[in-house]
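Asks: Structure provided below as structure tokens; questions to follow.
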Amino acid sequence: PDLSVLATEISAPALALARRNAKALGIKLDFVEGDGLTPVLEIAPVDMIVSNPPYVPQENIAGLEPEVRDHEPIDALCPGPDALRFYRLFAEEAPRYLTPEGWLLAELEADLAEATAALFSSPDWRFVELRRDMQGKYRFICAQRA
């Protein structure tokens, strides 16, 4: 099928790296620098939003593996004092950006999976499912707009 993909990133250096990686892999993507759902506003409605937002709680940063903690920008890992910040935004605002029955897929913190899913309990969402990673931990939320 004919598919158009918009990749967004809040960090300019990370966005530049993503562009280089996509080019090296021969993947056609459109890139926009921006925070949260703001970049999607210009092209909405869309059929799907896929996100890997910062989700590590501040108190868990010190316990991350050194190869992650010492080499990733902190703002790519931690959203600040509210670890559910982006999921609150998605649950409340994404229905405005999605087509009817459109999907939101996002990576999440395993320890906050149930709290994350609870944010999507409004009538705006018709289906919400938590999915596990290869280690058996909840790692993704899939939510379909009503």
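Asks: Taking neighbour Cβ counts within 10 Å as the exposure measure, how do 40, 46 sort from fewest upward?
Replies: If I rank by nearby Cβ atoms, fewest first, I get 46, 40.
Asks: Given R₀ = 22 Å, what would the calculated FRET efficiency be for residue 137 paired with residue 75, taking r from the Cβ atoms and rounding to 0.05?
Replies: Efficiency at R0 = 22 Å is approximately 0.40.
Asks: Modelled label-to-label distance, residue 126 and residue 114, 7 Å Cα→beta-carbon offset: nm?
Replies: Reported label-point gap for residue 126 and residue 114 is 2.8 nm.
Asks: Quickly rank 102-113, 118-129 as a protection proxy: mean count of other C-beta atoms within 10 Å, highest first.
Replies: 102-113, 118-129
Asks: Now for a different question. Roughly what % of Cα-Cα distances in region 3-124 sit above 18 Å, to the whole percent?
Replies: Percent of Cα pairs beyond 18 Å in region 3-124: 57.
Asks: A further question follows. Stokes-Einstein at 10 °C, 1.306 mPa s, Kirkwood radius from Cα pairs: D for region 63-137 in µm² s⁻¹?
Replies: Rounded, D is 113 µm²/s.
Asks: Please arrange 38, 116 by counting, for each residue, the other beta carbons lying within 10 Å of its beta carbon, fewest first.
Replies: 38, 116
Asks: Next up: How much of the DSSP bridge set in the chain is antiparallel, in percent, rounded to the nearest 5?
Replies: If we restrict to bridges inside the chain, about 55 percent are antiparallel.
Asks: Same structure, new question: Using a simple charge model, +1 on the beta-carbon of Lys and Arg, -1 on the beta-carbon of Asp and Glu, nothing else, what dipole does the chain show about its Cα centre, in debye to the nearest 20?
Replies: Its charge dipole is roughly 360 debye.
Asks: Which residues does the label zone of residue 48 cover in region 65-108, counting backbone N under 18 Å from a point 7 Å along Cα→Cβ?
Replies: The answer is 94-95, 97-108.
We did not get these values from a lab; they are worked out from the coordinates using the rules stated. Given the structure is predicted, the values throughout are model-derived calculations rather than measurements. Glycine gets a Cβ as well: all are built from the backbone with ideal geometry, and neighbour counts include every protein chain shown.
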